Amino acid sequence: MRVALYMRCSTNKQADAKSIQLQEETLKKYCDYNKDYKIVSRYVDEAKSGKDVIERSGFQKLMHDAENKKFDAVAVSKLDRFGRSVKGLVNSTDKLKNLGIDFISVGDNINTTTPNGRLLFHILSAFAEFEREIISERMQLGKEKARAEGKLVHRPRKDLPLEEIKKLYTVNRLSLSAIGKIYSVHPTTIGDRLRGMGVEIRKL
């Protein structure tokens with residue numbers, strides 16, 4: 001069986017920790033154990049959210065190649081590497097199924113080539129989303145409690161070299177977007193800092 005490997009990490013910190021490498025090693029060991037599994041391709045998405053499939057170029061390439069029948073199964077280390085919502089997971093795996101391609105999640109012991117594997121996949125997916133919703137709800141309650149107590153709940157204000165930014169904008173005539181890319185912040189942030197310095201923002 002021709003197998004495609006898919007690896008994803010959602011933050012740069014995970015990438016620095018060699019998350020992708022560890023995922024791939026796990027998948028290779030699994031395929032080595034199953035002698036009839038031959039790895040034919042690998043797809044990687046680094047520092048991408050599992051919620052937004054549109055931005056995952058590796059995932060999009062995988063699904064495109066699936067339509068062209070370039071492999072027989074897709075293997076991931078864990079369900080949350082492939083997607084974070086039940087709807088997204090089910091839609092993607094159903095599409096693979098309709099194309100005659102199986103789905104394998106090594107860490108969750110799921111293999112859709114078997115009826116039990118398909119059932120377990122849906123059950124675990126439902127519990128995974130339920131857990132995320134509970135965590136999200138608790139975080140929201142924590143933020144509301146912090147606001148009620150007068151505490152700050154947003155990220156600390158990023159320290160930026162304002163004079164350099166002012167020079168780039170007024171002398172070098174760089175755009176807000178260009179400056180934002182230099183300092184890894186949103187253009188709106190650059191605009192707000194400049195206004196705070198009394199700089200008039202150019203009209204587009």
If you check Gly117, Gly180, which single one turns out to be in a helix (DSSP H, G or I) and in contact with a Pro (Cβ under 6 Å, 6 or more places away or on another chain)? Gly180
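Restricting attention to segment 183-204, which residues are among the aliphatic types (A, V, I, L, M) and assigned to a helix (DSSP H, G or I)? Explain how you work it out, then say what you get.
Restricting attention to segment 183-204, the residues satisfying the condition of being among the aliphatic types (A, V, I, L, M) are 185, 190, 194, 197, 199, 201, 204.
Passing the criteria: Ile190, Leu194.
Laboratory data are not the source of any read-out in this text; all were calculated from the coordinates shown. Note that the structure is a prediction, hence the values are computed from the model and not measured. Don't worry about glycine lacking a Cβ; one is built from the backbone with ideal geometry, like all the others, and counts go over all protein chains shown.
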